[in-house]
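A short write-up of the structure that comes next.
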Amino acid sequence: MISKSLRLALAACLWLPSLTTAAVLEVGPGKQFSRICQAIGEARAGDVVEVQPGIYNGDVCQIRTRNLTIRGMGSTRASVRAAGQNAGGKGIWVATSTVGTLTVENIEFSGAKVSDQNGAGIRADPNASLVIRNCHFHDNENGILVSSSPEATITIENSIFEDNGAGDGLSHNLYVNHVKQFVFRGNYSARSKRGHLLKSRATENHILYNRMTQETAIGSYEIEISNGGRTYIIGNVIQQGAASENNGMIGYRLEGGHEMNPSQELYVINNTFVTQGQQARFINTRSTFPAVLRNNIFTGGGTEINNENATKSNNFTGNPGYVNEESLNFTLRPGSPAVNAGADPGATTGGFTLKPTRQYQHPACADMRPIDSVIDIGAFENGAGSPASGQPARCGTPQAGAQAVVNGASFDSDLLAPGSIGAIFGSGLATTTAQASATPLPLQLGGVAVAVNSIPAPLYFVSPAQINFQVPVDAKAGAGAVLVTVNGSTLPPAQFRLGSAAPAIFLFPQSTRAIAQNQDYSLNASDNGAPPGSVIIVYMTGQGAVSNPVPSGEIGPTNPLAEALLPSSATIGGQTAAIQFLGLAPGLVGVLQANLVVPAALAAGAHKVVVTIDGAASNAADVFVAAAAAQ
Ligand SMILES: [Ca+2]
Ligand SMILES: [Ca+2]
């Protein structure tokens, strides 16, 4: 049996690599789809939906597909308007609990309105993580509303929130419930309708380099951190006018503690606070834990913080001389007493660097903050200086970088193993598209290199939105970090889990159908099922250690075969399937071949196959069983 299947694996090498690319679904005039939600409904895990500019009225839906990216193309954002419609009574787009991480870029959302007055431009259900970049939310009951979810992370960058709120004070420009981490960076949030510019109950908050301005609106708090939690508020411009119905600007732990918010650490560093037309409670806290206030400007009069234990240094009280207060340009005039009056804010005891590396640039951008010999007080550095190190700001277009690292067979898990095939999804991952044409696989392809925990990784395929790579066989299990280098420029690192084994079954595009062959080496298919008792060959990745080790980037050997060493089992249709062979597919790099006996009792039809190695279960993929042969 084994020797026969080897021939087949060699044939498989012709078609397998081309199947491992996520699909791009195009929406817009003259494209495959006219409605965004049609494309979302057809998309599979890891796919990208590209949306042309235009107005999409009532294009509302629940999103269930894992690790989807929805990206507006061009310089004008596609405008999605509720137009009286909603998904599930919740809003325009609802990220359900199955999405993993939903990424949305360069889209405008408006008009979300539902019966409970919590209609959101984007609503995240429990377990849904979000990455939102360069989007615009206006005139919704909530711009974004995130449900409580202990494992979720929410990252929002370079986006605009204006005039959201139902007017009841219970809905806000942005409302994040209990999540693990909330990052809000380089955004513009303005004029909430009676609610807050930002409300968060996250365990940890990173509020960096934003403009949070109430302007002439009646909104309440500018930043409201309801239950405390470790919170970094760095480099923001925060303003309220005479009409703000609550003179508090930052609220902290005003609704008391919560089991998801064990820390009461609050760091308020290099912000510019301006209250206009009324005295402010700049920071209103119900925590007695010593907040840290460094290098802030407090303009307009009032109480800086109602906590006598706070640690304060190098703050400026009064008007330091702004370039144009009326137009809310709070950069410093030359000669301002706040220039060169700050001090390096240092780091937390936990090692988090508090020094601002960027500064807000209107609208919705965080540019590099110039490095000067002495840091200025407030959100802006006056005058020239060499730019700080790091990535250049790319506001208005998606930022280059990896957004997800997942297995390269089913794209539905961030667990990988030494020697397994992985996929990196993101933007700006390459400036060209290239596929490896020979083995051993190259470590450089199309100007791209990938390192896993500092070890160069072999490359199958590179493109701007996806890279397929092999985890180096000598990578150590534990935390995994990939670094992508494009034409000599290294992108920010991305994380994944690196286990001893990470089995994943290859799927046909846009389906849950396994790439598998019957005993006669024909493709297993709905009209070509495998009879009970016969052998089916399932193509996978992620076996971990093998008996005849193969160097990174090299093909599976024939003699002797490289068999998986870790404990394994398999089921088809929930019944145990005997494993005849489990090991590297000869002639392929990083591909695992499972020869399984179809259980005798299975009825004809589609059944789920699952392979478990060292306690890690694969995705459940469909294989087809034929009727048993007549006796
Ligand atoms: Ca206020
Ligand atoms: Ca300076």
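Nothing in this text is a laboratory measurement; each read-out follows from the coordinates by a stated rule. These numbers come from a predicted model, not from an experiment. Positions of Cβ are backbone-derived with ideal geometry, glycine not excepted, and every protein chain shown enters the neighbour counts.
For the range 220-236, putting each phi into the Karplus relation 6.51 cos²θ - 1.76 cosθ + 1.60 with θ = phi - 60° gives couplings of 8, 7, 7, 9, 10, 9, 4, 10, x, x, 4, 9, 10, 10, 10, x, 9 Hz, in residue order, rounded to whole numbers and with x for Gly and Pro. Taking 0.36 nm per residue of sequence separation and removing the Cα-Cα distance, the Ser454/Gln279 pair yields an extension gain of 57.7 nm. Taking amide H positions as modeled 1.01 Å from N, with prolines and chain starts lacking one, the residues under 5 Å from Ser413 and 5 or more places away or on another chain are Asn407.
For Gly499, the residues whose modelled amide H falls within less than 5 Å of its own, excluding neighbours fewer than 5 places apart on the same chain, are Leu416, Ala417, Gly478. With θ taken as phi - 60° and the Karplus curve 6.51 cos²θ - 1.76 cosθ + 1.60 applied, the whole-hertz 3J(HN,Hα) list for the range 166-179 is 7, x, 9, x, 9, 10, 9, 4, 7, 9, 10, 7, 5, 10 Hz, x standing for glycine and proline. Amide H contacts under 5 Å for Ile70: Val49, Thr103, Val104, Glu105, restricted to partners 5 or more places along the chain or on a different chain, H placed in the peptide plane at 1.01 Å from N.
Relative to the current alpha-carbon distance between Leu170 and Asn528, full extension at 0.36 nm per residue lengthens the span by 123.1 nm. Just need the relative contact order of the chain here, percent rounded to a whole number, with Cα pairs under 8 Å and 6+ apart. The normalised contact order for the chain reaches 7 percent.
Scalar couplings 3J(HN,Hα) for the range 523-535, obtained by applying the Karplus form with A = 6.51, B = -1.76, C = 1.60 to θ = phi - 60°, are 5, 5, 8, 4, 9, 8, x, 8, x, x, x, 8, 9 Hz; x denotes Gly and Pro. One Cα centroid belongs to the range 474-552, the other to the range 284-335; the line between them spans 54 Å. Computed from label points 7 Å out along Cα-Cβ, the spacing between Ile371 and Thr433 is 4.0 nm.
Quick one: compute the contact order of the range 401-498, relative version, from alpha carbon pairs under 8 angstrom and 6+ residues apart, as a percent.
Working: 271 pairs, mean separation 30.4, N = 98.
It comes to 31 percent, rounded to a whole number.
Toward the positive end of the charge dipole of the chain, with +1 on the Cβ of Lys and Arg and -1 on the Cβ of Asp and Glu, the farthest Cα among Tyr232, Phe282, Leu596 is that of Leu596.
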